[in-house]
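As structure tokens, the structure follows; a few thoughts come after it.
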Amino acid sequence: MAESPTRYEQAKALKPAAFRRLLGVRPETFTAMLQALREREGRKRKSGRPSKLPLEEQLLLTLEFWRDYPTLFSLAHRYGVHEATAGRTVERIETALLESRQFRLPGKKRLLEAGVEFEVVVVDVSETPVERPKKAALVLQRQAQASHAQGAGRR
């Protein structure tokens, strides 16, 4: 029986545009992230209990979490691990990528120095009550009166 391809193999087979749509990063960025994680793994002193997921799958899980913000329960189900394991994996991968200092956004001062102009779009999403047509209001009023009249006659 042929073994089904892993999530990483499936993602790797995608075209670059589809890969980016799925995970939110380019394949080159994914490879750089994976390399940073492998370097960190190589520097570890104590190995501890090995993860059920390979490093590629752990990175995929984290990127899917960042991309879509599904519940950790649903992610855990997809990857065949416990919910707590999925949460720890996301935290561990986030920390490792931040510590590598390769994947940080520039700070506020650096952005201001660069003279980048930001465009802000404000969208009003306030709720307004639904207005019922007068005809519908009259029908509802008649129904209410009829039900009260029927209830009074039963006594």
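Laboratory data are not the source of any read-out in this text; all were calculated from the coordinates shown. Keep in mind that this is a model prediction, so the values were computed, not measured. No Cβ is skipped: glycine too gets one built from the backbone with ideal geometry, and neighbour counts run over all protein chains shown.
Some values worked out for this structure:
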item: The stretch 29-78: radius of gyration and largest Cα-Cα distance (Dmax), Å; result: 12.4, 34
item: Only Lys, Arg (+1) and Asp, Glu (-1) charged, at Cβ; the chain dipole about Cα centre in debye; result: 460
item: Residue-count net charge about Arg20 - beta-carbon cut-off 12 Å; Lys, Arg +1, Asp, Glu -1; result: +3
item: Packing-based exposure ordering (other Cβ within 10 Å, fewest first) of Ser147, Ser51; result: Ser147, Ser51
item: Diffusion coefficient, µm² s⁻¹, Stokes-Einstein with Kirkwood Rh over alpha-carbon pairs of the stretch 1-87 at 4 °C and 1.567 mPa s; result: 92
item: In degrees, nearest ten, helix 27-43 long axis to first principal axis of the chain (Cα); result: 60
item: Label selected from (1) -0.45; (2) -0.64; (3) -0.58, the criterion being log10 I(q)/I(0) by the Debye sum over Cα atoms at q = 0.11 Å⁻¹ as computed here; result: (2)
item: Helical contribution to [θ] at 222 nm, DSSP H n ≥ 4, -39,500 (n - 2.57), averaged over the chain, rounded to 500; result: -19500 deg cm²/dmol
item: Residue exposure sequence - Leu112, Leu60 - by fewest surrounding Cβ within 10 Å; result: Leu112, Leu60
item: At R0 = 25 Å, FRET efficiency that the Cβ-Cβ distance of Ser74 and Arg45 yields, to 0.05; result: 0.15
item: Dipole axis of the stretch 7-105 (+1 Lys, Arg; -1 Asp, Glu on Cβ), positive-most option in Leu60, Leu23, Pro50; result: Pro50
item: Relative contact order (percent, whole number), the chain, Cα cutoff 8 Å, 6+ residue spacing; result: 17
item: Positive-end residue of Thr6, His77, Phe103, charge dipole of the chain with Cβ unit charges; result: His77
